[in-house]
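Q: Here it is, the structure, as structure tokens.
Any read-out appearing in this document is the output of simple, stated calculations on the displayed coordinates, not a laboratory observation. Bear in mind the structure is a predicted one, so any value in this text is a computation, not a measurement. Here Cβ is always computed from backbone atoms with ideal geometry, including for glycine, and neighbour counts include all displayed protein chains.
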Amino acid sequence: MWNPIKLADPNGEKPRLFFHGEKSKSTFVNIVNSGLGKQFEANLTRNRNGSYTFDIIPTKSGGDVNKLNEHQRAFYDALRNCIDAKTKEGKELIYDIDVYYAAKDVHTGNYIKNAIDVADMNQFNELNDGGATKQGKLIHEFEEQRMKAYMGNAKGEDMGYKFCHKSAIVAENKVNGNRRDSYDRGLGRQTHEETFTLPNGEKHHVKVSTSTAIITVTQ
Ligand SMILES: [Zn+2]
């Protein structure tokens, strides 16, 4: 269907990613694609300012949401929700995310800096292994930034963190297929523990150490 808004601004309605180094881009694409069951894939379009507009598109032989398993479907739906984000007035919501690989000051994601670290995300489980997953972390950070932009908070601001973090956990839970506690437990200066309740009611503990540029995850 003809859409005048899309014609007027073909790239304006999608999140824009600023990659810092080639590995940040290839790792990001890997995490996205490995969660979409060969049915969909990341599509990055380079903009004039060097950022990339991010979307997910059907693969050549795929494009069937019914072939996605429960986790992949939740990941797909959550990505679409972040990609097709709207403002409170129903207009296209534009937001930027910096994508790093092994940045010392970004551990998985940094709310204030509107930044994610895909080397850190890569330390978590594969999507179908459950627990704390790479795709769950990616969605957590994207949903957090989507909500931050929705609330009108700019890069560099820390306003609204608790609210956005809670919304991010809801999105993360759907992808992981479990339930994460709202607050992590500190285990010393640079280590914390995230606790997840699995579908069978068992507790799953994930220890995260942020003392190195790439975090260490034990689960
Ligand atoms: Zn968070």
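Q: Can you check what the net charge comes to around ARG185, using other residues whose Cβ is under 11 Å from the Cβ of ARG185 (Lys, Arg +1; Asp, Glu -1)?
A: Working: positive: LYS207; negative: ASP181, ASP184, GLU193, GLU194.
The answer is -3.
Q: Compute the angle between helix 134-150 and the longest alpha-carbon principal axis of the chain, please, reported from 0 to 90 degrees and rounded to the nearest 10.
A: Around 60 degrees separate the two axes.
Q: Also, quick follow-up: Using a 7 Å offset from the Cα along the Cα-to-Cβ direction at both ASP105 and ARG48, what is the distance between the two label points in nm, to one decimal?
A: 3.0 nm
Q: Is there a quick way to get the dipole size of the range 10-178? I mean about its Cα centre, with the Cβ of Lys and Arg at +1 and of Asp and Glu at -1; what is the value in debye to the nearest 20? It would help to have the intermediate numbers written out before the result.
A: On the way: 24 positive and 23 negative charges, 55 e Å.
Computed about the Cα centre, the dipole is about 260 debye.
Q: Any idea what diffusion coefficient the chain gets from Stokes-Einstein, in µm²/s, Kirkwood Rh on alpha carbon pairs, 4 °C, 1.567 mPa s? Write out the running numbers ahead of the final one.
A: Numbers: Rh = 17.7 Å.
So the translational diffusion coefficient is about 73 µm²/s.
Q: Could you work out [θ]222 nm for the chain from helices alone, using -39500 (n - 2.57) per DSSP H run of at least four and dividing by all its residues? Round to the nearest 500 deg cm²/dmol. If you can, show how the numbers build up before the last one.
A: Working: 6 runs with 69 residues, N = 219.
It comes out at -9500 deg cm²/dmol, rounded to the nearest 500.
Q: Only Cα pairs under 8 Å and at least 6 apart count here; give the relative contact order of the range 10-178 as a rounded whole percent.
A: Values: 311 pairs, mean separation 38.9, N = 169.
Here the relative contact order equals 23 percent.
Q: Something else: Percent of Cα-Cα pairs more than 20 Å apart in the range 66-142, please.
A: Details: 1168 of 2926 pairs.
For the range 66-142, the fraction of Cα-Cα distances above 20 Å is 40 percent.
Q: Check GLU41: other-chain or 5+ apart residues with amide H under 5 Å from its amide H, H built from backbone geometry?
A: Counting only residues 5 or more places away or on other chains, the set is ILE57, THR59.
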